[in-house]
There are 2 protein chains.
Amino acid sequence: MFKKRENVVEIEEGNLLSPKFDNEGLIPVITMCSQTKEILMHGYMNVEAFKKTIETKEAHYYSRSRKTIWHKGKTSGFIQKVIEIKIDDDQDSVWLTVDIGDGASCHVGYRSCFYRSIPLGPIDNGREVKMKFTEKEKKFDPEKVYKGQPNPTKI
Amino acid sequence: MFKKRENVVEIEEGNLLSPKFDNEGLIPVITMCSQTKEILMHGYMNVEAFKKTIETKEAHYYSRSRKTIWHKGKTSGFIQKVIEIKIDDDQDSVWLTVDIGDGASCHVGYRSCFYRSIPLGPIDNGREVKMKFTEKEKKFDPEKVYKGQPNPTKI
């Protein structure tokens with residue numbers, strides 16, 4: 001289904017899908033909310049997840065912490081309905097636009113995984129950088145939704 | 001300047017910046033246009049690029065093809081003025097919102113690197129997937145702007 005990557009002009013200027021998966025067989029994915037245009041998450045897909053996302057129109061990822069394909073929302077109920085998929089110039093990253101209704105995307109409970117902003121300007125090297133929370137309230141209680149499943153965040 | 005990553009609750013619920021760089025010392029970056037909300041590019045930063053971006057308020061990346069820090073727009077003139085930087089729940093990816101005015105971001109000449117969309121629905125395994133161009137015209141001629149510099153796209 002994927003065109004073999006043979007030359008740069010075809011990859012950049014052609015219309016055939018020939019994605020580049022990295023040494024672990026993954027391609028990074030940017031997921032945007034179709035309503036608010038906010039970034040919901042940054043994830044990865046393997047070939048199978050990419051194909052399932054195109055075919056089922058529901059976002060599938062590859063979970064690097066659980067080392068398995070991951071149908072987003074299967075546990076939480078927050079399925080991501082795919083509105084559009086785009087790929088970049090050298091075809092090594094994917095931009096997914098999804099509809100999550102009034103749902104959430106972040107396993108911590110927020111709507112978006114990007115709920116903190118970093119102050120701009122000079123940093124004193126010894127100083128820690130204090131971020132600002134941009135989401136005030138969680139959309140759900142992760143302990144209730146995930147019921148004792150291991151947290152995917154790794155140190 | 002970065003808090004040491006010591007426990008998951010601090011990383012997810014805390015307000016101190018403690019980004020996770022991968023085995024190559026990189027963190028993936030999503031770059032969004034502040035005006036149109038389109039995704040302009042997907043890149044990577046190392047510690048130095050991340051710090052320079054925060055401090056100078058101009059996007060710096062790490063070029064994996066050229067293996068060097070990369071002040072975006074230094075050659076093309078299309079500097080990215082940083083409006084906001086966010087980090088995700090486990091602090092292993094960054095969302096940059098930037099102002100590029102009437103400029104462009106893609107080395108192929110388009111405004112966004114994501115100028116092709118992938119059709120949704122069942123794929124015949126033997127069939128190649130034909131994409132649709134969503135940008136009709138290039139914003140600049142890369143041959144004029146980059147004058148014989150090597151193309152960063154790798155097969």
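The values are calculated or read from the model by the stated rules, or taken from the named source; none is laboratory data. Predicted model only: the values in this text are computed from it and were never measured. Every residue, glycine among them, receives a Cβ derived from its backbone with ideal geometry; neighbour counts consider all protein chains shown. Surface areas here come from the heavy atoms of the whole protein model, side chains and all, with no ligands, DNA or RNA. Shrake-Rupley method; radii C 1.70, N 1.55, O 1.52, S 1.80 Å.
Compute the FRET efficiency between B:Asn125 and A:Ser65 as 1/(1 + (r/R0)^6), taking r as their Cβ-Cβ distance and R0 = 35 Å, and round to the nearest 0.05.
That pair, B:Asn125 with A:Ser65, gives E of 0.75.
From other protein chains only, count the Cβ atoms within 10 Å of every residue's Cβ in A:141-153, then give the mean.
2
Mean residue ellipticity at 222 nm from the helices of chain A, using -39,500 (n - 2.57) per DSSP H segment of n ≥ 4 over the full residue count, to the nearest 500 deg cm²/dmol?
-3500 deg cm²/dmol
Treating only the Cβ atoms of Lys and Arg (+1) and Asp and Glu (-1) as charged, compute the dipole magnitude of chain B about its Cα centre; round to the nearest 20 debye.
800 debye
Looking at the square roots a ≥ b ≥ c of the eigenvalues of the Cα gyration tensor of segment A:1-149, which shape do they give, rounded for a/c under 1.5, prolate if a/b is larger than b/c, or oblate?
oblate
Across peptide B:41-53, what mean number of C-beta atoms from other chains lies inside 10 Å of a residue's C-beta?
For peptide B:41-53, the averaged partner shielding equals 2.
Give me the angle, in degrees from 0 to 90, between the Cα long axis of helix B:47-56 and the longest principal axis of the Cα atoms of chain B, rounded to the nearest 10.
90 degrees
Taking both sides together, what accessible area is buried at the A/B interface, probe 1.4 Å, expressed in Å² and rounded to the nearest 100?
Buried area (both sides, nearest 100 Å²): 6500 Å².
Would you work out what percent of the accessible area of chain A, with all protein chains in place, is carbon or sulfur (probe 1.4 Å)?
49 percent
Pull up the cross-link candidates among the lysines for A:Lys81, meaning alpha carbon to alpha carbon under 22 Å and not fewer than 8 places away within one chain.
Of all the lysines, those that pass the test against A:Lys81 - Cα under 22 Å, at least 8 places apart if same chain - are A:Lys37, A:Lys51, A:Lys52, A:Lys57, A:Lys72, A:Lys138, A:Lys139, B:Lys37, B:Lys130, B:Lys132.
Would you mind working out the accessible area per residue for segment A:95-155, using a 1.4 Å probe, and quoting it in Å²?
54 Å²
Quantify how strongly other chains surround peptide A:59-71 by giving the mean number of their Cβ atoms within 10 Å of each of its Cβ atoms.
0
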